[in-house]
Amino acid sequence: QIASVQSLTFKSNSSGQTLSISEVMNGSIIRQGPSGDYTDTLPSAANLVAAVPNAAQGMFFDFNFYNATGAVATLQGGSGFIKLDNNAASFDLAATKFRAFRLFFANVSGGSEAVYMVPLSTAMDPLT
């Protein structure tokens, strides 16, 4: 049984960037390009909630990030993204490592949107 269909998005610019809503919702990003440490930022919780028709507290989707560079990637949640301890969501990912995340709508009320960014895996090497 197929649970969902995801697309791969390849990103290859040379510095950190803000990921688009469609890139995040498509499910998987393979990040290439930077030669030094960099930070990629997810869209804000408000923008992500607004992009989901009939968004409701408790909805979630999974998002995968593969750091295919030789540098450290920091994957930062946009405004309103939090970890389970309610601190701002930010995760470092070593060179050539992959990590899966669940993005869980904690609050969908206008002006108070919040999304939990929950790691579903430890950082791993997808090529071994």
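Quick check, is residue 2 of a type outside the set (D, E, K, R), part of a loop (DSSP other than H, G, I, E, B) and modelled with pLDDT under 95? Judged against the criteria, residue 2 is a match.
If we keep just the residues of region 100-115 that are open to solvent by less than 50 Å² (accessible area, probe 1.4 Å) and under 16 Å from the mean Cα position of the chain (by Cα), which is nearest to residue 56 (Cα to Cα)? Filtering region 100-115 for residues that are open to solvent by less than 50 Å² (accessible area, probe 1.4 Å) and under 16 Å from the mean Cα position of the chain (by Cα), the one nearest to residue 56 (Cα to Cα) comes out as 105.
For (1) surrounded by fewer than 16 Cβ atoms within 10 Å (Cβ to Cβ); (2) in contact (Cβ under 8 Å) with a residue 12 or more places away in the chain, each residue gets a yes or a no:
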{"residue": "32", "(1), (2)": "yes, yes"}
{"residue": "43", "(1), (2)": "no, yes"}
{"residue": "51", "(1), (2)": "yes, yes"}
{"residue": "54", "(1), (2)": "yes, no"}
{"residue": "69", "(1), (2)": "no, yes"}
{"residue": "78", "(1), (2)": "no, yes"}
{"residue": "98", "(1), (2)": "no, yes"}
{"residue": "120", "(1), (2)": "yes, yes"}
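The values are calculated or read from the model by the stated rules, or taken from the named source; none is laboratory data. Small disclaimer: the values here were computed from a predicted structure and weren't measured. Methodologically, a virtual Cβ is constructed for each residue, glycine included, from the backbone with ideal geometry; neighbour enumeration extends over all protein chains shown. Side chains are part of the model used for accessible areas, which takes the heavy atoms of the whole protein and leaves out ligands, DNA and RNA. Shrake-Rupley method; radii C 1.70, N 1.55, O 1.52, S 1.80 Å.
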